[in-house]
Amino acid sequence: MPPLAARLPVPGASRARPGRGDLVTLAFLAFSWVLALSLELYFVVHHQDIRRQDHVFADLFRIYGAGDRSYYGQGHIAFPYALESLNVFVTQILNAALAYAVLRRRPWRHPLQLAVGSYLTYSVVLYLWHAHAAGYPEMPVRDAWGYFIFYAPNLPWLLGNLWLAATAFRTLSRLAAGAEAVPAGKEDPR
């Protein structure tokens, strides 16, 4: 088996069309950008006055407020504000770097994808678990609709980022296993 460095994509060596997994990654990143730079940015800007806004995004947050009223400007808004601020202003820069790495076949793509996917999966799980462990204090009425509207809109971020982390981990594990199979002293035949 060739050494690890020989199996990593070489920048600019191939302008082949991205594979199906890369297209799924890019589609999920595009989905994340669109929502972060529209709906989530709207929340960050209007988190304190969202109840007074007359906009379709404010209406969407009013609906989501049945699951978590802090997103509709009531209760403890600091935690969702902190999560969304990081997502809008930090994560999207990392997502842009990841998209660049996918398109240009950069060797640092999979470590970055693992890091971004893992930390975003963690942030969604933390948000959901925090609400559950506290007894859903920001859910005005604990009924089927409240639980549905709380969990369902979060599933794309949970599942999408879990997929990003898992596929990067699988690729890195495969590369590492191949590197371990090379006998000592035989890493570079040149």
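A short reminder: the numbers here are calculations on the coordinates, not readings from a lab. Since the model is a prediction, treat every value here as computed from it, not as a measurement. Because the Cβ atoms are built from the backbone with ideal geometry, glycine has one as well, and the counts that use them run over all protein chains shown.
Points to keep in mind about this one:
- Span-like helix check, the chain: qualifying full DSSP H segments, with Cα axial length of 15 Å or more and mean Kyte-Doolittle of -0.5 or more, are 20-35, 92-104, 109-133, 155-180.
- Distance in nm between pseudo-label sites at LEU94 and GLN74 (7 Å out along the Cβ direction from Cα): 3.3 nm
- Summary value for segment 63-154: 50 percent relative contact order, contacts being C-alpha pairs under 8 angstrom separated by 6+ residues.
- Within a Gaussian network of the chain (alpha carbon springs, distance under 10 Å), most fluctuating of SER32, SER173, SER85: SER173
- P(r) for the chain, from all Cα pairs and a bin width of 5 Å, is 1, 7, 14, 17, 15, 12, 10, 7, 6, 4, 3, 2, 1, 0 %, short bins first.
- For the pair THR171 and HIS55 in one chain, pulling the backbone fully straight at 0.36 nm per residue adds 37.4 nm over the alpha carbon distance.
- This model, with +1 at the C-beta of Lys and Arg and -1 at the C-beta of Asp and Glu, gives the chain a dipole about its Cα centre of some 900 debye.
- Relative packing of peptides 51-57, 127-133 - highest average C-beta neighbours within 10 Å first: 127-133, 51-57
- For the options LEU158, LEU175, LEU29, a Gaussian network treatment of the chain with springs between C-alpha atoms closer than 10 Å singles out LEU175 as fluctuating the most.
- Peptides 92-98, 147-153 ranked from most to least packed by the mean count of surrounding Cβ atoms within 10 Å: 92-98, 147-153.
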